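Visitor: Take a look at this one; I'll ask things after.
The values are calculated or read from the model by the stated rules, or taken from the named source; none is laboratory data. Every value quoted in this text rests on a predicted model; they were computed, and no experiment measured them. No Cβ is skipped: glycine too gets one built from the backbone with ideal geometry, and neighbour counts run over all protein chains shown.
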Amino acid sequence: MKLEQWRKAWQQLIGPGSPYEVVTSPNVNLRYFRHAPPNLLDAIDAGRVHGDREFLVWEQERLTFAGFFDQVDRLAAQLSQRFAVKQGDRVAIAMRNQPAWLVAFVAVQRCGAVCVPLNSWGLRDELFHGLQDSGAQVLVCDEQRLRLLAGDVLNDGLVSIVVGVQEGQTLAPNCQRFEALIKAPVLALPAITIDPDDPALILYTSGTTSRAKGVLSSHRAICQALTALEFQSAFCAVSSPERIQAVIDSGLAPTNLMAVPLFHVSGLHAQFLLALRSGRRLLLMYKWDVDKAFDLIRDERCTQFNGAPVMMQQLLGSPRFDSTDSDSLYGLGLGGALAPSRLLAQISKRKPKAIGGSGYGLTESNGIGAAVGGDQFVYKPDSVGWPLPIVDVCIGPDPYSPLPAGQSGLIWLRSPTLMSAYWRLPEASAQTLQDGWLDTGDIGLLDDEGFLYITDRAKDLINRAGEKISASEVESCICEMPGVVEAAAFAVADEELGERLVLVLRSELDPAPTREQVCAFIGQRLAAYKVPAEVHGFHEPLPRNASGKLIKAQIRELLVSA
C-alpha cells in the first residue's frame, strides 16, 4: 500500500547520514535536524553559489543571484559603517513586494541585526505601532509608506532609507535614497559571530482581533524551519515520483510566481528564502491581480504558484486557467487560511498531474506544523498532512491530556521552530508558550493514519444553547452552494440562547440567494442547530488580512453600519 511506502520513504529521509537526519536533544526531548545551518546568515549565503543565474523578476527589473548579493553587500556596509547598525539592533522594512525588500532583509542579517518586517497593507497606526514597539533604529521603506509615516519619522528623527525616490528629489535630512546607497563602494564589514539562539526576526501577527504582537524568533528556529520546508519538498519528490518527472520532462526552469506579502512567513520563509537557497527564480507581484498573474505565468513560464485560498479561488475561477496560459504550472500550493473543500477538490480535478499541496503553521512556529503535497494531497486533500518530523502535535485541553485519534480539540505544537517570545509581552508569552508547547488557538484532530485536520479557531466556535457550532464548517458548507464566493460565520449575543449564529456571504449571482434558500441549503447538509439565525449578503469582497484570513471584527462593523 502507498501509505507504507510513504512511511518508509519518510524514515529513510530522516535516518542517519541523510541531509535531513533527525536527532533528539537529550536535555529537552526535542527533535531537530542535525544538519540545519547554525544561523540565518549561513543559510542565506548558500545562495551565492548560483552566481549569474537569474533570481528576481519584478516589473522591468531583473537581477541575477550575483547581482542581488552585490546590492546586499553594499547596503549592509552602509548600514554598518554609515548608520552604525550593529548586532541586536532592530531594522524595520515597510514596503510592498519588490527586490529592494529582499535586498534589505539580507543586508540586515549581514549586520547581525534583527529584521522587523512591517505590514505594508496596514494603515499609519499599525505601521507606527510596529516602529515604536520594536524600537527600530532604521527604517527601509517605499515612498507610499514614508508618506503615511512622514510626521512620525521626522519627529523621531528616525534614519529612513527610501526606495524609488528619483535622483534630485528633495528628502528630509534623516532620509537617504536606497538607490544611491547600493551604488556606493563596498566597504568592509566588521567580523561578527552569530549564536544560534541570537534574535533574528520580529514578525508582527496578523492582528485580526487586537493589536498585533511582535513574534521574536531566533536564528536556530528559522534555520530549523527552512530545513523542515526543504525536507517536505524532498519527501514530496520521493513519494510522488511521476509528478516530479513531469516537471523535469517539461525542461522548464523552476520559477515561482510570488504574490503573497513578504512580511508573512509563507512569503518570507517558504518562498523567498527557499528560492534563494535552492536557486529558484522568483517573479514578484507588487500586488495581487489575477489577470496580471496569468500574463506573468504565460510570459515567464512560471512553474509554481503558492497563495492564499482566495487567490487560488480567483485563479481557478478565471477562464484563462483552462487555456494555454497556465500550461507551465506544475505546482499549486495553499497556505495562510483554511481552504473550502470545493477549492481543494478543484485543484486535483483541474490539474490532475500537478503537485498540489497545503500545510499548517503559524507565525509563532515560523510557519512549521504539518504539510501535504503531491500524491498525499490527492489521497487526503482536506487534511494538512503529517506533522513534520521535528514537530510534536498534541490534541487536547493541555499537552498532557491527549485525546484519542479522530477526536477534535485544541492543537498544541512543540518544535525547535517555535518563537522565543512575544516581543516585550511576558504575560502573553507565558499564556501561549507553556513548558515548551505552543497553544495554537486552533481546533483540529489527528486521524488514525496520523494526518492532521484543522477544523476551526477556538474563538470561532459558536455556543448556541450549549451546542458548539464550528464557524468554518458552516462557511465551508455554504461555499459549496452555486454562486457563493465567500462567507463568514460568527456569533452574536442572544438573551435566550447565549449566542446565535450569523452568516455573511458574497455571491456572484444576481439576484443573490435569499435567506430561505441559504438556510434550506445548509439545513439539508448540517444539523438543524447549525442553520444560521441571520443571513446577510454583501456585494463587495469581504475584508481579509494580508495572509488571506477573514477579518471578522471588520465584517461585524460593516454589518452594523449597513
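Visitor: Would you check which residues across region 388-419 are closer than 27 Å to L13 by Cβ and not in a loop (DSSP other than H, G, I, E, B) and list them? First the steps, then the outcome.
Guide: First, the residues of region 388-419 that are closer than 27 Å to L13 by Cβ: 388-395, 399, 402, 405, 411-419.
Residues satisfying the conditions are D392, V393, C394, I395, I411, W412, L413, R414.
Visitor: Which one of E480, E508, E475 is under 21 Å from G357 (Cα atoms) and in contact (Cβ under 8 Å) with a residue 12 or more places away in the chain?
Guide: Answer to the selection: E480.
Visitor: Here are Y204, Y286: which of them is among the aromatic types (F, W, Y), in contact with a helix residue (DSSP H, G or I) (Cβ under 6 Å, 6 or more places away or on another chain) and either closer than 26 Å to G164 by Cα or at pLDDT below 95 (or both)?
Guide: Going through Y204, Y286 in turn, just one is among the aromatic types (F, W, Y), in contact with a helix residue (DSSP H, G or I) (Cβ under 6 Å, 6 or more places away or on another chain) and either closer than 26 Å to G164 by Cα or at pLDDT below 95 (or both): Y204.
Visitor: Can you tell me which residue in region 30-66 is farthest from A253 (Cα to Cα), limited to those that are among the hydrophobic types (A, V, I, L, M, F, W, C) and part of a strand (DSSP E or B)?
Guide: First, the residues of region 30-66 that are among the hydrophobic types (A, V, I, L, M, F, W, C): 30, 33, 36, 40-41, 43-44, 46, 49, 55-58, 63, 65-66.
From what is left, the residues that are part of a strand (DSSP E or B) are 30, 33, 55-58, 63.
Values: L30: 37, F33: 29, F55: 11, L56: 13, V57: 14, W58: 17, L63: 16 Å.
Checking each candidate, the answer is L30.
Visitor: Any residue at all in region 346-366 that is of a type in the set (D, E) and buried (at least 22 other Cβ atoms within 10 Å of the Cβ)?
Guide: Looking for residues that are of a type in the set (D, E) and buried (at least 22 other Cβ atoms within 10 Å of the Cβ), one finds at least one in region 346-366, hence yes.
Visitor: Here is a list: A527, A533, A512. Which entry is modelled with pLDDT of 90 or more, among the aliphatic types (A, V, I, L, M) and farther than 30 Å from T363 by Cβ?
Guide: Only one candidate passes the filter, namely A533.
Visitor: Would you pick out the residues in region 268-305 that are within 10 Å of D325 (Cα to Cα) and surrounded by fewer than 18 Cβ atoms within 10 Å (Cβ to Cβ)?
Guide: Within region 268-305, D295, R298, D299, R301 meet the criteria.
Visitor: A further question follows. Scan region 137-161 for residues that are modelled with pLDDT of 85 or more and farther than 19 Å from R96 by Cα and jot them down.
Guide: Q137, L158, V159 - these are the residues of region 137-161 that are modelled with pLDDT of 85 or more and farther than 19 Å from R96 by Cα.
Visitor: Continuing with the same structure: Before we move on, is A520 modelled with pLDDT of 90 or more, crowded, with 19+ Cβ neighbours inside 10 Å and either more than 31 Å from the chain's Cα centre (by Cα) or outside the structural domain of L343 (by TED's automatic domain parsing) (or both)?
Guide: For A520, the condition - modelled with pLDDT of 90 or more, crowded, with 19+ Cβ neighbours inside 10 Å and either more than 31 Å from the chain's Cα centre (by Cα) or outside the structural domain of L343 (by TED's automatic domain parsing) (or both) - is not met.
Visitor: Within region 434-460, take every residue that is free of Cβ contacts under 8 Å to residues at least 40 places away in the same chain and more than 22 Å from S341 (Cβ to Cβ) and give me the one that is surrounded by the most Cβ atoms within 10 Å (Cβ to Cβ).
Guide: Per the stated criteria, the residue is D439.
Visitor: Just one of R301, R320, R342 is in contact with a Ser or Thr (Cβ under 6 Å, 6 or more places away or on another chain) and either of a type in the set (D, E, K, R) or in the same structural domain as Q271 (by TED's automatic domain parsing) (or both); which is it?
Guide: R301
Visitor: What is the residue count in region 465-497 for residues that are of a type outside the set (S, T, N, Q), part of a strand (DSSP E or B) and surrounded by 18 or more Cβ atoms within 10 Å (Cβ to Cβ)? If you could, list the steps in order and put the result at the bottom.
Guide: Going through region 465-497, the residues of a type outside the set (S, T, N, Q) turn out to be 465-469, 471, 473-475, 477-497.
Now drop any that are not part of a strand (DSSP E or B), which leaves 467-469, 484-494.
Subset that is surrounded by 18 or more Cβ atoms within 10 Å (Cβ to Cβ): 469, 484, 486-491.
Final tally of qualifying residues: 8.
Visitor: Sort out which residues of region 256-275 are in a helix (DSSP H, G or I) and under 22 Å from K549 (Cβ atoms), and write them in order of number. Let's see the steps before the verdict.
Guide: Initially, region 256-275 is screened for residues in a helix (DSSP H, G or I), giving 265-275.
Scanning region 256-275 gives V265, S266, G267, L268, H269, A270, Q271, F272.
Visitor: With free of Cβ contacts under 8 Å to residues at least 60 places away in the same chain and not aliphatic (A, V, I, L, M) as the only criterion, which of P309, P254 stands out?
Guide: After ruling out the rest, the residue left standing is P254.
Visitor: Additional query: Against the definition (farther than 24 Å from A421 by Cα and either surrounded by fewer than 23 Cβ atoms within 10 Å (Cβ to Cβ) or not β-branched (V, I, T) (or both)), how does L171 come out, yes or no?
Guide: Yes: the conditions hold for L171.
Visitor: Only one residue in A100, A46, A66, A77 is crowded, with 17+ Cβ neighbours inside 10 Å and within 27 Å of Q224 (Cα to Cα). Which one?
Guide: A100
Visitor: Evaluate the following for E427: is it on the phi < 0 side of the Ramachandran plot, assigned to a helix (DSSP H, G or I) and crowded, with 20+ Cβ neighbours inside 10 Å?
Guide: Answer is no for this residue.
Visitor: Here's another thing I want to ask about it. Quick one: which residue in A246, A253, A225 is farther than 24 Å from E126 by Cα and either part of a loop (DSSP other than H, G, I, E, B) or not assigned by TED's automatic domain parsing to the domain that holds A354 (or both)?
Guide: Numbers: A246 fails: either part of a loop (DSSP other than H, G, I, E, B) or not assigned by TED's automatic domain parsing to the domain that holds A354 (or both); A225 fails: either part of a loop (DSSP other than H, G, I, E, B) or not assigned by TED's automatic domain parsing to the domain that holds A354 (or both).
So the residue among A246, A253, A225 that is farther than 24 Å from E126 by Cα and either part of a loop (DSSP other than H, G, I, E, B) or not assigned by TED's automatic domain parsing to the domain that holds A354 (or both) is A253.
Visitor: Let me ask something else about it. Which is modelled with pLDDT of 95 or more and not assigned by TED's automatic domain parsing to the domain that holds A308, of E179, E126?
Guide: When all the criteria are applied, what remains is E179.
Visitor: With the requirement that a residue be in contact with a Ser or Thr (Cβ under 9 Å, 6 or more places away or on another chain) and of a type in the set (V, I, T), what does region 469-491 give you?
Guide: V484, V485
Visitor: Kindly evaluate C479 against the criterion of being farther than 26 Å from G335 by Cβ, of a type in the set (A, V, I, L, M, F, W, C) and not assigned by TED's automatic domain parsing to the domain that holds V260.
Guide: Taking the combined requirement at face value, the residue does not satisfy it.
Visitor: Could you list, in sequence order, all residues of region 162-201 that are touching a helix residue (DSSP H, G or I) at 6+ places or on another chain (Cβ under 7 Å) and under 14 Å from Q87 (Cα atoms)?
Guide: Across region 162-201, the qualifying residues are L189, P190, I194, P196, D197, D198, A200, L201.
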